[in-house]
1. Quick check on Gly122: is it closer than 22 Å to Glu55 by Cβ and in contact (Cβ under 8 Å) with a residue 40 or more places away in the chain?
2. Check Gln131 against each of (1) under 34 Å from the mean Cα position of the chain (by Cα); (2) part of a helix (DSSP H, G or I) and name the one condition it does not meet.
3. Considering only segment 105-132, how many residues are among the hydroxyl-bearing types (Ser, Thr, Tyr) and surrounded by fewer than 13 Cβ atoms within 10 Å (Cβ to Cβ)?
4. Six or more apart or on different chains, Cβ under 6 Å: which pairs go from a residue in segment 187-201 that's within 15 Å of Thr68 (Cα to Cα) to one that's open to solvent by 50 Å² or more (accessible area, probe 1.4 Å) and of a type in the set (Asp, Glu)? Could you list them?
5. So which pairs qualify, if the first residue must be in segment 245-261 and closer than 14 Å to Arg176 by Cβ and open to solvent by 30 Å² or more (accessible area, probe 1.4 Å), the second must be part of a strand (DSSP E or B) and not charged (D, E, K, R), the Cβ gap must be under 9 Å, and the two must be at least 6 apart or on different chains?
6. For a quick check of your reading: which helices (runs of 4 or more DSSP H) sit entirely within segment 151-266 and have at least 2 residues that are of a type in the set (Gly, Ala, Ser)?
7. Are there any pairs with C-beta distances below 7 angstrom linking a residue in segment 51-78 that is assigned to a strand (DSSP E or B) to a residue that is among the basic types (Lys, Arg), with the two at least 6 apart or on different chains, and if so which?
Amino acid sequence: MSIADIGVSDSTDRVRDWVRPDEGKILGRVYVDPDVHRDEIERIWKKSWLYAGHESEVPEPGDYLTRTVGTVPLIISRTTDGEVAVIVNRCMHRGNLVCYESCGNTQVFQCDYHGWSYRNSGELVGVPYQQSYGPDFDKSRHGMQPPARVSIYRGLIFISYAPEGPGLEEHLGNAREVLDRYLDLSPTGRLRLDAGYNRIRLDCNWKMYAENSSDNYHNNFVHVSAYMTDAARKIARAISREGSKGVVWALGNGHSYLDFRAEEQVQGMVLRSASASADDDSERQYVRDLEARIGADRAATLLSEGPPTLFIFPNLFVIQQDMRRLEPVSETTSHLYQHPTLFDGAPDAINRQRLTRHETAYGPAGFVMSDDLEVFAQCQRAINETPDEWILLTRGMRREEQLENGTRRAHVTDETGMRGMWREYLRLMSREQL
């Protein structure tokens, strides 16, 4: 048994009984049980690949940010040699948090408790009254530690607290091609996440938000007021109707993808950037720059398809101009961090357009995310009081297609993506601990 396994309850038998994706049902207990939540932290959040941040958030040497990823406090920094470093925000002397600020610029972090000092890459460089530790004290053995694995994919920083397991690209699997399409919409192939973010408290279990990431059935009911505000959103409403040509994919490894491309072509619209339009000159310049990098044919295809809506299990959601990071807090509370993504190298008008879309739909006064937040809270409230009732996830089971590459596909309003997420959840929660 490793240190990470100490204190883990054995909820395996209960989870197998409560989580039945192949029957299309989930018992409410799995959203409210504290023992299950603790086991999820150890078996999923401390063993899977987690999205932690983006290189553009620490653009200059000395830049740093602090955040909790999973349940572990981290520092992400840009070192003097220009590399991105990720270290656990913990002094190696007595375990104190070393940095309390959310962001800043420094070459050295100093612990407030006893003054131990570390480079922003983690090496221990200063120990007050070091002689008292004896002649054999070696600073090189007491640096702040990185997570077990760190991997950067096209600017996206992923970490894993498990020293062994599938590599990042294996974890991304079939989601990698979809993610590439999102990133390739930038004229340089790179994103900027330097416009700030919204931090939202979700009054629900983290799995409710993960489910909603592939739920297109709710759009014409939860967001009906948003869809009636202008013509473009009225067309968007058609994408979620029963007659839509859109599909939902369960991509494997718990990932899911809402694929609106076929219906958007029918409707003659693409949710590319925003509800407002950039000026024509900026739009033409953006397209020219995109064509110069990836070719006219590829650019035309990506622009006609628009950005994908993709959930990468367990904590990254990509939608329109947003990247969202999900964090578990308790069995009934989660945190969501919404980052509007800007295109590196794009005209300012294009990025203003993207910010407008984010603020209008998902910002503090937005008219889309506020709908979802209320539904999440009401779902959790009801399940708290009726935990022994089953949640129904059977929509589309009979018309779901299973393909040779391990993916499953169904109508865009079906619950295929959710069942795929729950299959991965069940696999991870049932496996033997390392």
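1. On the way: closer than 22 Å to Glu55 by Cβ: yes; in contact (Cβ under 8 Å) with a residue 40 or more places away in the chain: no.
No, not satisfied.
2. All conditions pass for Gln131, except number (1).
3. Going residue by residue through segment 105-132, those that are among the hydroxyl-bearing types (Ser, Thr, Tyr) are 106, 113, 117-118, 121, 129, 132.
Retained after the next criterion (residues that are surrounded by fewer than 13 Cβ atoms within 10 Å (Cβ to Cβ)): 129, 132.
Number of matching residues: 2.
4. That search, which allows pairs on different chains as well, returns nothing.
5. So the pair list comes out as Trp249/His255; Trp249/Ser256; Trp249/Tyr257; Trp249/Leu258; Trp249/Ala410; Asn253/Ile312.
6. Values: elements: 168-172, 175-183, 206-212, 219-222, 224-227, 231-239.
Once the helices (runs of 4 or more DSSP H) in segment 151-266 are filtered for at least 2 residues that are of a type in the set (Gly, Ala, Ser), what remains is 224-227, 231-239.
7. That search, which allows pairs on different chains as well, returns Tyr51/Arg325; Gly53/Arg67; Asp63/Arg78; Leu74/Arg67.
Yes or no, residue by residue, for (1) surrounded by fewer than 22 Cβ atoms within 10 Å (Cβ to Cβ); (2) among the polar types (S, T, N, Q); (3) touching a helix residue (DSSP H, G or I) at 6+ places or on another chain (Cβ under 8 Å):
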| residue | (1), (2), (3) |
| --- | --- |
| Leu336 | no, no, yes |
| His339 | no, no, no |
| Arg352 | yes, no, no |
| Thr356 | yes, yes, no |
| Val368 | yes, no, yes |
| Thr386 | yes, yes, yes |
| Leu392 | yes, no, no |
| Arg398 | yes, no, no |
| Glu401 | yes, no, no |
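The values are calculated or read from the model by the stated rules, or taken from the named source; none is laboratory data. None of the values given here were measured: they were computed from a predicted structure. All Cβ positions, glycine included, derive from the backbone under ideal geometry; neighbour counts span all protein chains shown. Keep in mind that these areas ignore ligands, DNA and RNA; they rest on the heavy atoms of the full protein, side chains included. Shrake-Rupley method; radii C 1.70, N 1.55, O 1.52, S 1.80 Å.
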